[in-house]
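Taken together, the values in this text are just the output of simple stated rules run on the coordinates, not laboratory data. Being a predicted model, the structure only gives us computed values, none of them experimental. Cβ placement follows ideal geometry from the backbone for every residue including glycine, while neighbour counts extend to all protein chains displayed.
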Amino acid sequence: MSDVVNQRTPTAGGAPAPEKRGSGMLRLAVDAFLRRREATILLVAIGLVIYFQASTDGIFLSHSNQVNLSQSTAPFAIIAVGEVFLLVSGEIDLSAGAVYAFAPFMMHYLIDYYGVYPIPAIVLSVLVGAVIGFGNGFITVVLKVPSFVTTLGMLFLVGGITLTTSHAFPAEIPQAARGGVQSWFGHAEWSELIWCLLIVAFFQMVLTSTRWGLYTIAVGGNRLGADEAGIRTGRVKVGNFMLIGALSAFAGILEVFRTDTIDPTLSGADFASAMFTAVAAAVIGGTALAGGSGTVVGALFGAFVLAELRNGFNLIGISANPFNIILGLAILLSMILNVYLANLRRAGRT
């Protein structure tokens, strides 16, 4: 009996018993997890998986539906990565969806009309997206036009170029890009998701562990202070505009390889949907529209939650029409929570 009592009482040196140490460490781990911006949206994602799996008699997590979920998540998550960096630095890009639609046609023109090999054509098309981003950044930073207006104009400009040059007709995937290249860049079941995860992991590290990420957060949080600290705030913003342009172009190329067609109708409602879904994923995932804070991993979870809702509604027979209601409410609630948490941080309570 005395041995049992000794195991449950503090040692002579005053150290807590092993059981109490273990529970204390678990509590600290839980608290640390809940303080992370990604925690809430991750718990929502897990809850939705459980709900839809139970509601669809196991269909939700079948192999074919997992592939559908991954393909619905990946392109928007990739664009959302760029939106996170831009939102954190205090700007927004509404033209991302137009670049998403235009880049595949640029690849098609380079391969079929100019004989460029597929991989260089893909690289050049992504660089064209970065050049469009540079144009957005130059007009916003140098000419002092608000990014909302700049990128709205660029959305119509690039979308119009896509429709005009394609004559509003879809194009086939270039024959030279079929086979291995097409499989690597989106046509294979998991290739889009693999690219997405690699991009998310890399840019989460950039945002949290590099000077560029630190500068991006500083510029969005306090541009005047960043200027006084010697940070070239204009260069940071232009660089992030170029980043989202490049990522939007790459996401568009992955998507056309997956669907096996290059469709100019992406220059209509679909590309607006792509842009707004990416922004929503970033905001729902914990990125503040006011700038200064954000998370790339959270944007991935946000994109996954939106894909879950759309897919789950279809499986349980609910009309897709309420999806936008839920999307709007999610954005509003996320922003209210963002503002509330920001006020708490200013008051020194968190």
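Some observations on this one:
- Normalised by the number of residues in segment 75-213, the mean separation of alpha-carbon contacts (under 8 Å, six or more apart) gives a relative contact order of 32 percent.
- Gyration tensor verdict on segment 155-200 (Cα atoms; rounded if a/c is under 1.5, prolate if a/b is larger than b/c, oblate otherwise): oblate
- Theoretical gain in end-to-end length, ALA39 to SER64 [0.36 nm per residue, Cα-Cα removed]: 6.2 nm
- The label point for ILE119 and the one for ALA54, both projected 7 Å from the Cα toward the Cβ, are 4.9 nm apart.
- Fully extending the segment from ALA188 to ALA168 would add 4.4 nm, taking 0.36 nm per residue of separation and subtracting the current Cα-Cα distance.
- Shape call, segment 41-139: gyration tensor on alpha carbons, a/c limit 1.5: oblate
- Shape class for segment 73-301: prolate, because the ratio a/c of the largest to smallest gyration tensor axis (alpha-carbon atoms, square roots of eigenvalues) is 1.5 or more and a/b beats b/c.
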